[in-house]
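Chemist: My questions all concern the structure below.
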């Protein structure tokens, strides 16, 4: 479904500050995989997702999605079939537009309409139906500007916008990290519901080891631009946080707790 072949990304090439953020990454993602990704700050997690989304050119390597080589495809074209939700709830929506207008744009993202927020009766019904599924009452607030929503409501809306036209792959970049714990739980539950119901292939970055183990069928660990651990299926289900800590220490050959920003136990 998705293949990364020898994917390498170096920033500031040929300078004193050259940084190799991804190092010869090979990865094969199957249809309906829900993969959680953990690792310390600077491990390459976000760079990996940005590479798939087309945020920058690769230094070398290829990205194949559904048998199409998208390595040289610009980000705006990939956005037609790649869904993304970011850590910041302020990203992914237009704050001065209404809930209805934002979702109308999402519904039309793969068309050439010039007025992408134009809404007819049929589309409004579809929008209300999708909103009712997330159970936040937003279907009764279609004319509310997004800037007046709470962080959790806005992130739920962003998640819905990213999946309302089912993407070939969904990229979640710590999409609950900026939310309070109770709201994060609700958004994670909503994420699980949408991914499960629509069978969306997903990559989700998290610093929370409990979430990394509880969600998805596969877990990847990254460090210094490399994939250093890959576990899935029943083996993943049987793992504990202590197992992850032991693996992390073994792979890094150094004390896990030296980096406070690496992962969260909560």
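Chemist: Find the Rg to Rh ratio for the stretch 91-166, where Rh is the Kirkwood radius over alpha-carbon pairs and Rg uses the same atoms.
Modeler: Here Rg/Rh amounts to 0.92.
Chemist: Would you mind calculating the gained length between residue 144 and residue 128 on full extension (0.36 nm times residue separation, minus the Cα-Cα distance), in nm to one decimal?
Modeler: My answer for the length gained is 4.4 nm.
Chemist: Mind telling me which of 73, 204, 105 comes out most flexible in a GNM of the chain, alpha-carbon contacts under 10 Å?
Modeler: Maximum among the listed residues: 73.
Chemist: At a 10 angstrom cut-off on C-beta neighbours, averaged per residue, how do the peptides 147-153, 121-127, 217-223 rank from highest to lowest?
Modeler: Answer by packing, highest mean first, reads 217-223, 147-153, 121-127.
Chemist: Further, regarding this structure: Note down the Stokes-Einstein diffusion coefficient of the stretch 47-203 in µm²/s, whole number, using a Kirkwood radius over alpha carbon pairs, 10 °C, and 1.306 mPa s.
Modeler: 98 µm²/s
Chemist: Counting DSSP beta bridges in the chain, what percent are antiparallel, to the nearest 5?
Modeler: Here the antiparallel bridges make up roughly 55 percent for the chain.
Chemist: How big is the Rg/Rh ratio for the chain, C-alpha atoms only, Rh by Kirkwood, two decimals?
Modeler: 0.98
Chemist: Still on this structure, I have one more. Quick one: check the C-alpha center-to-center distance for the stretch 1-78 versus the stretch 233-252, whole angstrom.
Modeler: Answer, in whole Å: 24.
Chemist: Now, a different point. Return one number: the angle in degrees, 0 to 90 and rounded to the nearest 10, between the long axis of the Cα atoms of helix 181-198 and the longest principal axis of the Cα atoms of the chain.
Modeler: Compared with the principal axis, the helix lies near 80 degrees.
Chemist: Now for a separate question. To the nearest 10 degrees, how steeply does helix 151-163 sit against the main Cα axis of the chain, on a 0 to 90 scale?
Modeler: 90 degrees
FYI, it's all coordinate maths here, none of it is from the lab. All figures in this text were calculated on a predicted structure; none of them were measured in a lab. In this analysis, Cβ positions are derived from the backbone assuming ideal geometry, glycine residues included, and neighbour counts consider all displayed protein chains.
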